[in-house]
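Here is the structure we will look at.
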Amino acid sequence: MQTYAKPKSIKENSSFTFCSGCDHGLAIKLVAQVIDELNIQRDTIAVSSSGCSVFLYDFLDVDCVEAPHGRACAVATGVKRAHRAKGNNKIVFTYQGDGDFASIGLGESIHSALRGENITAICINNTNYGMTGGQLGPTTPMGQITATSPLGRNKEYHGFPIQTVQHIAICEGTCFCARVALYDIKNIYNAKKQIKKAFEYQQKGLGFSFVEILSSCPTNWKLSPIDSHKKIEEELTKIYPLGVYKDIDHE
Ligand SMILES: Cc1ncc(C[n+]2csc(CCOP(=O)(O)OP(=O)(O)O)c2C)c(N)n1
């Protein structure tokens, strides 16, 4: 009996380009499983931008567009609307880092949510600018040491981190948003469930849907993969509580 099969929407023979213990591979696999289950592989367009998330195109076997840093939601808006104008109902989603979504791209992200743009955004929150060497990002917790905060984040110099999901939740055009993590099996299953819901809400045309995934960055955190997951479970989920923050179908 076959207990596991590679998702159809993952490319054949793609070699792993992420650091050891990085959660990107797992996040992309969950997205691929959702695409398979909804049978939308040929109707899905992914938009990723600068940062580690851009490597999505190495793995996911759907049409992909690379946006400039921070512009994924704006590019996805254009892609979705251009197809809709031609009568094509494409499923369009962004796959972005927290720096991309909530720092340089915050304007694009918030206004896409306020417009109720019928796209899905997935934000991989690894609490730093991973690709460029682990600098302080918008979600770096207080006290965390990064390449540009060697003494730890402090409020006098760096200010406070952003609560991305809560900000997106208060936008009237948001139909669904959730924060999930991948540090154990239960949470991995839940993450897939919320990603699927976000895609399904887009299929129903309900507005902007958003999932933030708390993800490990062992290289820049200078922790082992196991200790990175411990950090997420024991520290990050206290600062960034998991859960569904908005679901208009259940209000
Ligand atoms: C306009 C612009 N500014 C800066 C950069 C350099 N840059 C590339 S990736 C990146 C940070 C990415 O961080 P994040 O979005 O959190 O993604 P991660 O790499 O952590 O997954 C930066 C600053 C760029 N490519 N374009």
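Evaluation of L106 against the conditions (1) more than 9 Å from the ligand (Cβ to nearest atom); (2) of a type outside the set (S, T, Y); (3) buried (at least 20 other Cβ atoms within 10 Å of the Cβ); (4) under 15 Å from the mean Cα position of the chain (by Cα) shows that the sole unmet condition is (3).
Regarding T120, is this residue of a type in the set (S, T, Y) and within 16 Å of the ligand (Cβ to nearest atom)? Don't jump to the end; show me each part of the working.
Numbers: of a type in the set (S, T, Y): yes; within 16 Å of the ligand (Cβ to nearest atom): no.
Spelling it out, it is not the case that T120 is of a type in the set (S, T, Y) and within 16 Å of the ligand (Cβ to nearest atom).
The residue list I226, I239, I188, I232 contains one member that is under 22 Å from C52 (Cβ atoms), in contact with a Leu (Cβ under 6 Å, 6 or more places away or on another chain) and away from the ligand (no atom under 16 Å from the Cβ), which is I188.
On the stretch given as segment 42-57, residues that are more than 11 Å from the ligand (Cβ to nearest atom), in a helix (DSSP H, G or I) and hydroxyl-bearing (S, T, Y) total 1.
Taking segment 88-113 as the range and being hydrophobic (A, V, I, L, M, F, W, C), part of a helix (DSSP H, G or I) and touching a residue at least 60 places away in the same chain (Cβ under 8 Å) as the test, the residues that pass are F101, A102, I110, A113. Taken across segment 41-51, residues that are farther than 30 Å from K222 by Cα and in contact with a Gly (Cβ under 9 Å, 6 or more places away or on another chain) do not occur at all.
In the set (1) within 16 Å of the ligand (Cβ to nearest atom); (2) small (G, A, S); (3) in contact with a strand residue (DSSP E or B) (Cβ under 7 Å, 6 or more places away or on another chain); (4) at negative phi, G134 fails one condition alone, (4). In the set K193, K231, only one residue is assigned to a helix (DSSP H, G or I) and more than 22 Å from L38 (Cα to Cα); that residue is K231.
With the condition kept exactly as written, say whether any residue in segment 77-92 is within 16 Å of the ligand (Cβ to nearest atom), buried (at least 21 other Cβ atoms within 10 Å of the Cβ) and within 16 Å of the chain's Cα centre (by Cα). No, because not a single residue in segment 77-92 is within 16 Å of the ligand (Cβ to nearest atom), buried (at least 21 other Cβ atoms within 10 Å of the Cβ) and within 16 Å of the chain's Cα centre (by Cα).
One residue stands out among those in segment 58-68 that are surrounded by fewer than 17 Cβ atoms within 10 Å (Cβ to Cβ) and not in a strand (DSSP E or B): the one that is farthest from the ligand (Cβ to nearest atom), which is D58. Inside segment 18-41, residues that are more than 16 Å from the ligand (Cβ to nearest atom) and surrounded by fewer than 20 Cβ atoms within 10 Å (Cβ to Cβ) make up a count of 8. From the list Q166, Q202, the lone residue that is away from the ligand (no atom under 16 Å from the Cβ), buried (at least 20 other Cβ atoms within 10 Å of the Cβ), in contact (Cβ under 8 Å) with a residue 40 or more places away in the chain and in a helix (DSSP H, G or I) is Q202.
Bear in mind that the values in this text are calculations on the coordinates, not laboratory data. Note that the structure is a prediction, hence the values are computed from the model and not measured. As a convention, Cβ positions derive from the backbone with ideal geometry for all residues, glycine included, and neighbour counts pool all protein chains shown.
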